[in-house]
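Here it is: the structure, laid out below.
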Amino acid sequence: MAEDQRNRRHPQNLQGVLRLAVEAGSAADGPALPEPMSEERKEWLKGALAEVAKGQNSEVEQMKECMRVLLRDGGCERGREGEEEGEDEEGETEGALEFLSELCENLDNARDLMTLGGLDLCMSQCLNHPQGSVRWRGAQLIASCAQNMPEVQCHLLSKGALPKLLQLTDSDPHPTVRVKALYAVSCLVREQEVGLRAFLSHDGFSVLMRGMQSDNEKLRTKSSFLLLNLLTVHPEHKDTVLSMGMVQQLVSVLRMPRSSFHEHVLGALCCLVEESPLGLRDCQSPTLGLEEMLNQRAEDLQGREECQISPLVSSL
């Protein structure tokens, strides 16, 4: 009971302070009219709100300090002044990027970082850094800031983030960079019309196709999942995808050793044949042998409910 009273008197965050303010302005026990807030309570509430605001300002200062670390690194803009010094700087840069990603899970912090120029710095410096460990953390920061934030998404798109991220997804030599870059791409194009148009103009579907054909299991999974999502939400782009020979490419992926990401590939094929005579014709092409392959796969997986693929077989 005493602990409950302490928790009520000393809220730990803004929501708690606001709840206390509401309670102070509402009726107490019984039907009696509420009494005016005492001067003592007013002063306490004022101080509590100031402390919360101080915490928010502190996070802005922390982001500024992280940006100073990134600027000190200099990335690819200057050479290393000794192996040991370079390793120390890279460690600081990686730590700063991870801390920023954590802070920017808060949408207000993501917006503040954008206003401070932190995202521009990340794009110009971190995504071009010679160390893959910095590049992938830079892509992760962009993803953290962009998810569910249309304002930040539009800013990043206007600065040309998407072509760079697609390039990293497609050809970066570091496997984690490719995965994180695709995650950032996803945050910029899903449920974002401007981002989707940019994705189409930069041949994004071809990048996804090559991702599914890579030897990077995580990249294959994320590429196939994003393809399935885009085809499901935006069926109007089926013809564009079909004109690229996507059915033939997806079938070739299915002929690879069985993997969990094949579920997404089959889902994409289902999307392409649904209400699409062209997609159905491509899938029924005798040269593909798709129906035979699926029937054999269904027989091999018989009795395993999680692996059933009958909906596509029945469409052919």
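The values are calculated or read from the model by the stated rules, or taken from the named source; none is laboratory data. This is a predicted model, so every value here is computed, not measured. Reconstructed Cβ throughout: ideal geometry from the backbone, glycine too, with neighbour counts over all protein chains shown. Protein only, heavy atoms only, side chains kept; ligands, DNA and RNA dropped before computing areas. Shrake-Rupley method; radii C 1.70, N 1.55, O 1.52, S 1.80 Å.
So for the range 195-276, taking the charge dipole from beta-carbon charges (+1 Lys/Arg, -1 Asp/Glu), which of 260, 235, 250 sits furthest toward the positive end?
260
At 1.4 Å probe size, what's the solvent-accessible area of residue 270? Round to the nearest 10 Å².
The value for residue 270 is about 40 Å².
May I ask you to order 206-212, 223-229, 139-145, 246-252 by the average number of other C-beta atoms within 10 Å around their residues, highest value first?
139-145, 223-229, 206-212, 246-252
Would you mind checking the radius of gyration and Dmax of the range 105-263 based on alpha-carbon positions, in Å?
15.5, 49
Around residue 173, what is the net charge, scoring Lys/Arg as +1 and Asp/Glu as -1 over all other residues with Cβ under 15 Å from its Cβ?
My count for the surroundings of residue 173 gives +1.
Would you mind classifying the range 120-202 by shape? Square roots of the alpha carbon gyration tensor eigenvalues, ordered a ≥ b ≥ c; an a/c under 1.5 is rounded, otherwise it is prolate if a/b is larger than b/c and oblate if not.
Prolate, since a/c reaches 1.5 and a/b exceeds b/c.
Keeping the other protein chains in place, figure out the carbon and sulfur percent of the accessible area of the range 209-249, with a 1.4 Å probe.
Of all accessible area on the range 209-249, carbon and sulfur atoms account for 53 percent.
Could you give the dipole magnitude of the range 229-276 about its Cα centre, charging the beta-carbon of Lys and Arg +1 and that of Asp and Glu -1, in debye to the nearest 20?
For this selection, approximately 280 debye.
I've got another one for you. How do 174, 234 rank by accessible surface area computed with a 1.4 Å probe, from largest to smallest?
174, 234
Would you kindly give the portion of the calculated P(r) for the range 179-243 that falls above 20 Å, as a percent of all Cα pairs?
18
Ok, one more. How do 215, 172, 108 rank by accessible surface area computed with a 1.4 Å probe, from largest to smallest?
Most to least solvent-accessible, the answer reads 215, 108, 172.
Moving on. Between beta-carbons, use under 12 Å as the cut-off and find the net charge around residue 292, counting Lys and Arg +1, Asp and Glu -1.
Numbers: positive: 255, 297; negative: 291, 299.
So the surrounding residues net to 0.
Per-residue counts of other Cβ atoms within 10 Å, averaged by peptide: what ranking do you get for 288-297, 180-189, highest first?
180-189, 288-297
Can you tally the net charge around residue 102? Count Lys and Arg as +1, Asp and Glu as -1, for every other residue whose Cβ sits under 12 Å from the Cβ of residue 102.
The answer is -2.
Still on this structure, I have one more. Keeping all protein chains in place and using 1.4 angstrom, which order do 129, 155 fall into by accessible surface area, from largest down?
The residues order as 155, 129, largest area first.
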